[in-house]
Amino acid sequence: MTAPILEGLDLRVLYAGRPVLEVPRIEVRAGEILAIIGPNGAGKSTLLRVLGLLEPPTSGVVRFRGAPVAWGGDDLLATRRHFASVFQEPLLCDTTVEANVALGLRLRRAASEAVTTQVQTWLARLGIAHLAQREARSLSGGEAQRCSLARAFAIHPNLLLLDEPFAALDPPTKDELLTLLQVLLRQEGSTTLFVTHDRDEALRLGDRIAVMMGGRIHQVGVPSEVFGRPVSEEVARFVGVETILPGRVVAEQAGLLTVEVDGMKIEALGRATVGERVLVCLRPEDLVIRRRDERVGLESARNHLEGQVEDATPVGAQYRVRIACGSPVVALVTKQSFDDLALERGTPVVVTFKASAVHLIPR
Amino acid sequence: MELIWRGMLEAIRLMATGDPEVLQITWLSLQLSGGATLLSLLAGIPAGMAFALTRFPGRGVCLALVNTGMGLPPVVVGLFVSIFLWRSGPLGFLQLLYTPAAIVIAQFIIAAPIVTGLTIAAMQQLNPRLRLQLLALGASRWQLLWLLMREARLPLLAAVMAGFGGVISEVGASMMVGGNLQGQTRVLTTATVLETGKGNFDHAIALSVILLLLAFSVNYLLTWIQQRGRTP
């Protein structure tokens, strides 16, 4: 495991006596992209400001390369200069694009030639070289955020802090910039702390993901772990598990559990004891729907729930279909499949899924 | 109308012939008001930035005092500065009453709250997150203050113009603390009052036209600095 470049220990922030951040431990490892996701007001930006040495915690310690940072000490500025931040707003100065990109280097009193070289390099890499002499206030939202990213990269920071940098952009611009950022981060090997409320952004960029809610980190892990095996109902809901059913383990045979949910029997792979009360979590993309009148041969999926289509909502190129199987179950199907199956409200269907697609949370 | 026309012609004549007394009065007005404005900038900009960027107990009262100070009547300033500078006053030993320095002091007291108040407004209209961004980019405390001043340069130049405008045009304080002494403390405003009192209306109008031209020239220069390179 790579050594942490930045650690937060026993971090606590109180606003007007009310705790808004309580994080016993968080670490950002050298070279990794740690994405922090959570709903609005979860304390993500506060955590970023504390770790970025922009706001002192009420209590707790931030360590950079193993050494604790003294707030208000002479070393604070020196340590902070190892970092660069990009916020949701580009927050450019009222000057040219070129001067904005040079700002961080000039604050560090970098040599003129080095400034020129870095500025030209990063203007080009962010695709805004042609805008170098333009006034920053005349840029579009996407151009301004490219300028802000170029300004941060030009410093060659040891840690890049990104606080929802795409939240204010339109979807095509956001997608374009996200792809560009992904490439740049991989090429540079930049250690990055990336705060977002968008699961897809976190999935695309994060090597590890931390889920924050109510000022606390609920789960940290690689994306497959966080998205596939959430530790609590709140985390499960936030990472996109749409079907969460309360049940009880009624049998276990060779690692295959049988869970009784509202009269239905669901088979799951997992660890639980017979009689244990659990939450059955199913991701919508893991469920397969077929019409009940359709004949099928043998198949490997262990679970087949019969129900009726309750409603269907278009989500991009897919349909989010809610099926009443005793308890409601949500599945995602492509528009084409939706049309082929001629699904409509009341259509009798069978929902199929593998035992390995079931995640159990003890309750 | 004829009186105004005669006054205009007199102004042109005085300027064209380079009347020594008018030149001396104009130059002194520019020096005293310019000096007072400069001093008010040196005190008002740091004070305004401190009020805008920090929080401390009693800040609200301080802001209210500054805002009140922005409308200080010059005669009131003149009266209190005179009391302080009288021979028997607390600062009488300085022997500054009826000197150009006394006018600078009075005009500084008039201009400083204007500059401070407008600096506070200039700083507060900046995006509060910009401060965080500049710190995050590695700005030291002094670099941060300099960058914030640079960002607020347009409203700060407006503060300079308002401060200068406030003192170049005032008459009450200059009259009371300067005494309108010929060749020593007579400035354009006090000279205009004197000429009006003597019934020399064309001369008074000429002086007031010169005063307006002076104020316009300074403000034009500042406006040019403020607006250069900016597209609508």
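If you check A:276, A:294, A:299 for being of a type in the set (Asp, Glu) and at pLDDT 90 or above, only one passes: A:276.
Here is a yes/no grid of residues against (1) surrounded by fewer than 23 Cβ atoms within 10 Å (Cβ to Cβ); (2) in a strand (DSSP E or B):
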position	(1), (2)
A:5	yes, yes
A:8	yes, yes
A:11	no, yes
A:23	no, yes
A:35	no, yes
A:39	yes, no
A:46	yes, no
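Any chance segment A:50-60 includes a residue that's assigned to a helix (DSSP H, G or I) and touching a residue at least 60 places away in the same chain (Cβ under 8 Å)? Checked segment A:50-60: at least one residue is assigned to a helix (DSSP H, G or I) and touching a residue at least 60 places away in the same chain (Cβ under 8 Å). From the list A:99, A:84, the lone residue that is buried (at least 22 other Cβ atoms within 10 Å of the Cβ) and either within 12 Å of another protein chain (Cβ to nearest Cβ) or in a strand (DSSP E or B) (or both) is A:84. The set of residues in segment A:73-94 that are within 27 Å of residue A:146 (Cβ to Cβ), more than 26 Å from the chain's Cα centre (by Cα) and acidic (Asp, Glu) contains only A:94. In segment A:38-88, what count of residues is obtained for those that are under 16 Å from residue A:212 (Cβ atoms) and in contact with a strand residue (DSSP E or B) (Cβ under 7 Å, 6 or more places away or on another chain)? Residues flagged as under 16 Å from residue A:212 (Cβ atoms) and in contact with a strand residue (DSSP E or B) (Cβ under 7 Å, 6 or more places away or on another chain) within segment A:38-88 amount to 14.
Checked across segment A:212-227, the condition of being in contact with a Phe, Trp or Tyr (Cβ under 9 Å, 6 or more places away or on another chain), assigned to a helix (DSSP H, G or I) and assigned by TED's automatic domain parsing to the domain that holds residue A:86 holds for no residue. When residues in segment B:124-174 are screened for being more than 14 Å from chain A (Cβ to nearest Cβ), assigned to a helix (DSSP H, G or I) and surrounded by 23 or more Cβ atoms within 10 Å (Cβ to Cβ), 9 of them pass.
Counting only strands (runs of 3 or more DSSP E) that fall entirely inside segment A:259-317 and contain at least 2 residues that are under 16 Å from residue A:360 (Cβ atoms) and of a type in the set (A, V, I, L, M, F, W, C), the qualifying elements are A:264-269, A:277-282. Please tell me if residue B:49 is crowded, with 20+ Cβ neighbours inside 10 Å and touching a residue at least 24 places away in the same chain (Cβ under 8 Å). Yes: the conditions hold for residue B:49. Filtering segment A:175-200 to residues that are in a helix (DSSP H, G or I), touching a residue at least 24 places away in the same chain (Cβ under 8 Å) and surrounded by fewer than 24 Cβ atoms within 10 Å (Cβ to Cβ) leaves A:176, A:177, A:178, A:180, A:184, A:185, A:188, A:199. Residue A:299 falls short on exactly one of the conditions (1) surrounded by 20 or more Cβ atoms within 10 Å (Cβ to Cβ); (2) outside the structural domain of residue A:28 (by TED's automatic domain parsing), and that condition is (1). Considered as a group, the residues in segment B:180-204 that are assigned to a loop (DSSP other than H, G, I, E, B) and among the hydrophobic types (A, V, I, L, M, F, W, C) include one that is surrounded by the fewest Cβ atoms within 10 Å (Cβ to Cβ), and that residue is B:181. Count, please, the residues in segment A:183-195 that happen to be within 20 Å of residue A:49 (Cβ to Cβ) and modelled with pLDDT of 95 or more. Of the residues in that region, 5 qualify.
Tell me whether segment B:68-86 contains one or more residues that are touching an Asp or Glu at 6+ places or on another chain (Cβ under 6 Å) and buried (at least 22 other Cβ atoms within 10 Å of the Cβ). Within segment B:68-86 (the criterion being touching an Asp or Glu at 6+ places or on another chain (Cβ under 6 Å) and buried (at least 22 other Cβ atoms within 10 Å of the Cβ)), the answer is yes, since at least one residue qualifies.
Annotation: of all residues in segment A:129-155 being away from every other protein chain (no Cβ under 12 Å) and part of a loop (DSSP other than H, G, I, E, B), the one that is farthest from the chain's Cα centre (by Cα) is A:132.
The values are calculated or read from the model by the stated rules, or taken from the named source; none is laboratory data. As the structure is a computational prediction, the values presented were derived from the model and not from experiment. Using ideal geometry, Cβ is built from the backbone for each residue, glycine included, and neighbour counts are taken over all protein chains shown.
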